[in-house]
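To start, the structure under review is shown below, and the notes come after it.
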Amino acid sequence: MKRSLNTLLIARLLTINENCIFGYDPKCMTHQPRTMFDWGSGRKMEFFWEANGNIAQMIDCKQNSGRLHEWDVKRNRLRFVLGEKYAGYYDYDDNGERVYKLTATNSQLILGGE
C-alpha cells in the first residue's frame, strides 16, 4: 500500500512529457504548475499565481528574466504585462470586452559605440 501512495504522490507533484517536466505545489493550486524544466534547452521556469488562479509572475531562471502580470481582481481581467523587453496595457468596457490594447517591445540601438 505504501508504494502505491508514493506513486500517487509523485504523480500529483510531477507531470512529465517528451519535452518538459512540470512540478506542482500540493499545498496550493495543485492544477497549476509551479516549475517547468525543458529537457532540450535546460531552461527552468518558475510560475506564481494570484488568488483567482491567473498567472501573476513567470521567471526564467536560465536567462535571469521574468514577466509580471497585473490583474483587476474584482473583474478578473488582465490590466498589464511587464517583461524585460515587453510591456502591455489593457482596458475593458462595462461588459468585459477589451476596448484598448497597448503593447510595445523594448530594443536598444547603440550608435558610435556609445
| said: I need the full set of residues from segment 57-68 which are among the basic types (Lys, Arg) and surrounded by 15 or more Cβ atoms within 10 Å (Cβ to Cβ), in order please. | reply: Arg67
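Looking for something surrounded by 12 or more Cβ atoms within 10 Å (Cβ to Cβ) and assigned to a strand (DSSP E or B) - is there at least one such residue anywhere in segment 99-106?
Let us first name the residues in segment 99-106 that are surrounded by 12 or more Cβ atoms within 10 Å (Cβ to Cβ), namely none.
No: zero hits.
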| Output for segment 69-78, where each listed residue is more than 12 Å from Ile55 (Cα to Cα) and surrounded by 15 or more Cβ atoms within 10 Å (Cβ to Cβ) | none
| remark: So, first residue on the phi > 0 side of the Ramachandran plot in segment 49-66, second residue at pLDDT below 90, Cβ within less than 8 Å, six or more apart or across chains; the pairs are Gly53/Met29; Gly53/Gln32
| remark: Filter segment 76-95 for residues that are in contact with a strand residue (DSSP E or B) (Cβ under 7 Å, 6 or more places away or on another chain) and part of a loop (DSSP other than H, G, I, E, B); the one that is modelled with the highest pLDDT is Asp93
| message | Which pairs turn up if I take residues in segment 100-112 that are within 21 Å of Gly88 (Cα to Cα) and look for partners that are modelled with pLDDT of 85 or more and in a strand (DSSP E or B) with beta carbon separation below 6 Å, at least 6 apart in sequence or on another chain? | response | Tyr100/Asp91; Lys101/Tyr90; Leu102/Tyr89; Thr103/Gly88; Ala104/Ala87; Thr105/Tyr86
| remark: Going through segment 29-56 in order, the residues found to be under 20 Å from Tyr89 (Cα atoms), of a type in the set (S, T, N, Q) and surrounded by 15 or more Cβ atoms within 10 Å (Cβ to Cβ) are Asn54
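The values are calculated or read from the model by the stated rules, or taken from the named source; none is laboratory data. Worth saying up front: this structure is predicted, and the values here are computed from it rather than measured. Cβ: placed from backbone, ideal geometry, glycine included. Neighbour counts: every protein chain shown.
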